[in-house]
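Structure record follows, encoded as structure tokens.
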């Protein structure tokens, strides 16, 4: 049986000009993950990452922890199938038409625009984001020219098949990715609806990991959203 671990990238630079980079807190989260696995004697025979900087940087920091301690960590292979769905493009395309016809969405958007406190901006944006993306996933609004949710799921499934086939029986592989692909993996393991998979993906904390077991056609969940290495409130983030 193959052991497949999916890691959500550490905290990125939310609400900054360039989101796709780890913030200082994210770098700490990734380092603590590597140190925890090192203490536990975790061995990975293959390592993969999505193409985003936040995904690759999380992988690099974990690998550096191993190598600085004189332990082996496999070279990280970038696999485009583990990229996140096009969230920014979905928001840009879907929000304006929704605001014209949906008073609840208009109020959420106004609350976000009015917010000044960083914590309040995060909360109001998350509510708006979940509402808009949820309608996109449910097919209630179209986003022309953007990869659809079903196509996104098929892409991630291809990546999972590639990782499973590339992992020897009784060996382990780790994939550094984002919450969306983790939701797709949960969907496959638990036979979830699209809406349930999306809702579950939003529960995935930064630098948490989820474990799966694969054998033949079976793909089974062992642990979801584990973060025993994050022992301070400031490290428990979703951004």
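Bear in mind that the values in this text are calculations on the coordinates, not laboratory data. The structure presented is a predicted model; accordingly, all values stated were derived computationally and were not measured. Every residue, glycine among them, receives a Cβ derived from its backbone with ideal geometry; neighbour counts consider all protein chains shown.
For the pair residue 220 and residue 232, how long in nm is the line joining their label points, each one 7 Å along Cα→Cβ?
3.9
Using the beta-carbon distance between residue 80 and residue 38 and R0 = 41 Å, what value does 1/(1 + (r/R0)^6) give for FRET efficiency, to the nearest 0.05?
0.90
Which of these, 93, 167, 177, has the largest mean-square fluctuation under a Gaussian network model of the chain (Cα springs below 10 Å)?
Result: 93 has the largest fluctuation of those listed.
What ranking do 30-40, 118-128 get when scored by the average of other Cβ atoms within 10 Å per residue, highest first?
Ranked by mean Cβ neighbours within 10 Å, highest first: 30-40, 118-128.
Among 19, 85, 227, which one shows the highest mean-square fluctuation when the chain is modelled as a Gaussian network with alpha-carbon springs under 10 Å?
Ranking 19, 85, 227 by mean-square fluctuation puts 19 first.
Starting from the Cα of residue 18, step 7 Å along the direction of its Cβ; do the same at residue 138; then give the gap between the two resulting points in nm.
Reported label-point gap for residue 18 and residue 138 is 3.7 nm.
Efficiency by 1/(1 + (r/R0)^6): what FRET value for residue 158 and residue 68, r their Cβ-Cβ distance, R0 = 35 Å, to the nearest 0.05?
It comes to 0.55.
Set the Förster radius R0 to 45 Å, insert the Cβ-Cβ distance between residue 239 and residue 170 as r into 1/(1 + (r/R0)^6), and round the FRET efficiency to 0.05.
0.80
With 33 Å as the cut-off, how large is the P(r) tail for the chain, expressed as percent of Cα-Cα pairs?
Counting every Cα pair in the chain, those more than 33 Å apart make up 18 percent.
Taking every eigenvalue of the Cα gyration tensor of the range 110-199, multiplying by 5 and rooting it, what semi-axes result, largest first, whole Å?
So the equivalent ellipsoid measures 31, 17, 11 Å along its semi-axes.
Return the whole-Å distance between the Cα centroid of the range 1-46 and the Cα centroid of the range 105-184.
Value for the Cα centre distance between the two parts: 18 Å.
Over all alpha-carbon pairs of the range 18-105, lay out the pair-distance distribution in 10 Å bins, whole %, shortest bin first.
Calculated over all Cα pairs of the range 18-105, the distribution is 15, 35, 24, 14, 9, 3 percent.
How are the Cα pair distances of the range 87-137 distributed, in percent, across 10 Å bins from 0?
Histogramming the range 87-137 at 10 Å steps yields 27, 57, 16 percent.
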